[in-house]
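Taking it in order: structure first as C-alpha cells, then the write-up.
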Amino acid sequence: MADAAIAADLVREESLWFSDGTLVLQAGNYLFRLSPGILSAKSIVFQDMLAFPQPGDGPMYDGCPLVHLPDPGQDAMYFLKAIFHYDFFESWPADVDYSVMSGILRLSHKYQVEPLRKRALIHLSKRFPTCLEEFGCVDEWSVDPTLIVNLAREVNADWVLVIALYSCASLQLPQLFDSCLAPGDLLTVLQARDQLQTHWTTAILDFLWEPLQISKCISPSACLNGRLNARKKAELSRSDHVITLCLWNDDDWYELDGVCNACLNHMKKTHRERQEECWDALPALFNLPAWNILLLSRFKSLGNIPREVYCAFLFCFT
C-alpha cells in the first residue's frame, strides 16, 4: 500500500522517530519509527509478534513496514517513550502525571514489560497505601477515583482497590451514578458507603462522649462540656461525603479547649483505636481479601517487603 493512501490523518511523534528505525508503529493517529530489535528485547509480546515476517504487500510508511497497535495513541506514546528514553519515566518519588503513569502501566502490563510495570505500580501503590500510617501522607492525583478502580482491575493491582473504592465512596451520589464504575463495583461502593456513614462514622466519633467521665479527669464538668461541644461541631461535618477516617484530624484537637491532659490522652488513644478498627474492616466492606492477603499480592508484584508485610505475616502465624 502506498504511503500517500494512509498518511492524511497521521502525525509523526518526533521524539520517537529514529532515522535508523526499520519499523513504523501506528496507535491512534500517532506514528513511531523504531528499532524492532529494541522492542523485541524489552517485550516478549513484541518479540513474538515481530517474529512473523511481514507480508510483502502489507502497508508501508516511509519505506518501513507499518504495524497497527489497537491502543490509544497517547498511551502508546508514553509507553514507548519510557522504553526508548530512559529519563522520561523516573522512579518514585519523582513527580509523575497520572495520565503518564496509567498509560505506561496499562501497556507495560499488556505487552509484558516487567520493569516498567513494576515502576508504574510503585507510583500507583504509594498513592493508595496499604497501612493506616501512610494514609493521607502522600499527595493524591486530582483524578476521578473510579478511573483508578478500573485501572487497578485491569492490571490486577487488587491491593490498590481498598483505598480507591473508599475514595469512590466519598463521591456524591450523582457522581457515582454517572461514573464509569462496573455495575458490581458500583453496588459494592453504595453498600460500603452506607456502612461508613452510619456504623463507622459513629464509632470514629464516640470518643467525644464515651465514657461520660474519664478516669483521672481533674475537671469532669468542664471536660465533658468541652467534649460535647466538639462532638456537635464534628456532627456538622457529616454530609453525603463519606470521609470517615478523616472526620477528626490533627487540627480538630485544638477544638477541645479546657479539656485536661488525662482526658485528652485517653481520647487520642481511643480515637486511634477506632481508626485502626475501621481500617482493618475496609477490605471486607468492599468485598476484598483481608489486608494480609492483599499485602502478599503487592509483595509478589513489586518484590519489596514493606514493614507491614512482616507484621501481617507475624500476625498470621502467631
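The values are calculated or read from the model by the stated rules, or taken from the named source; none is laboratory data. Just so it is clear, the model here is predicted, and its values are computed rather than measured. Neighbour counts are summed over all protein chains in view; Cβ atoms, including those assigned to glycine, are modelled from backbone coordinates with ideal geometry.
Taking each residue of the range 92-120 that is among the hydroxyl-bearing types (Ser, Thr, Tyr) and looking for partners that are modelled with pLDDT of 95 or more with beta-carbon atoms closer than 6 Å, six or more apart or interchain, yields Ser102/Leu151; Ser108/Leu116; Ser108/Arg117; Tyr111/Ser43; Tyr111/Val45.
The single condition among (1) surrounded by 15 or more Cβ atoms within 10 Å (Cβ to Cβ); (2) in contact with a helix residue (DSSP H, G or I) (Cβ under 6 Å, 6 or more places away or on another chain); (3) over 22 Å from Ala120 (Cα atoms) that Asn29 does not meet is (1).
Assessment of the range 272-283 against the conditions (closer than 30 Å to Ala182 by Cα and in a loop (DSSP other than H, G, I, E, B)) yields no matching residue. Taking the range 44-65 as the range and being free of Cβ contacts under 8 Å to residues at least 40 places away in the same chain and either surrounded by 15 or more Cβ atoms within 10 Å (Cβ to Cβ) or not aromatic (Phe, Trp, Tyr) (or both) as the test, the residues that pass are Gln47, Asp48, Met49, Leu50, Ala51, Pro53, Gln54, Pro55, Gly56, Gly63. Checking Leu121, Leu107 one by one, the residue that is modelled with pLDDT of 95 or more and either surrounded by fewer than 22 Cβ atoms within 10 Å (Cβ to Cβ) or under 24 Å from Pro283 (Cβ atoms) (or both) is Leu121 and no other. A search for C-beta distances below 7 Å between a residue of the range 13-27 that is in the same structural domain as Ile38 (by TED's automatic domain parsing) and modelled with pLDDT of 95 or more and any residue that is of a type in the set (D, E, K, R) and part of a strand (DSSP E or B), counting only pairs 6+ apart in sequence or on different chains, returns Trp17/Arg33; Phe18/Arg33; Gly21/Arg33; Val24/Arg33. Please work out which residue is farthest from Leu25 (Cα to Cα), limiting yourself to the range 71-91 and to residues that are of a type outside the set (A, V, I, L, M, F, W, C) and in contact (Cβ under 8 Å) with a residue 40 or more places away in the chain. For the range 71-91, the residue satisfying everything is His85. Evaluated against (1) within 22 Å of Arg12 (Cβ to Cβ); (2) modelled with pLDDT under 95, Ala76 falls short on exactly one condition, (2). The condition of being assigned by TED's automatic domain parsing to the domain that holds Thr198, modelled with pLDDT of 90 or more and of a type in the set (D, E, K, R) holds for only one of Arg238, Arg227, Arg272, that being Arg272.
The residues listed here are Ser19, Ser99; of these, the one that is surrounded by fewer than 18 Cβ atoms within 10 Å (Cβ to Cβ), under 24 Å from Val149 (Cβ atoms), out of contact with any Pro (no Cβ under 6 Å at 6 or more places or on another chain) and small (Gly, Ala, Ser) is Ser99.
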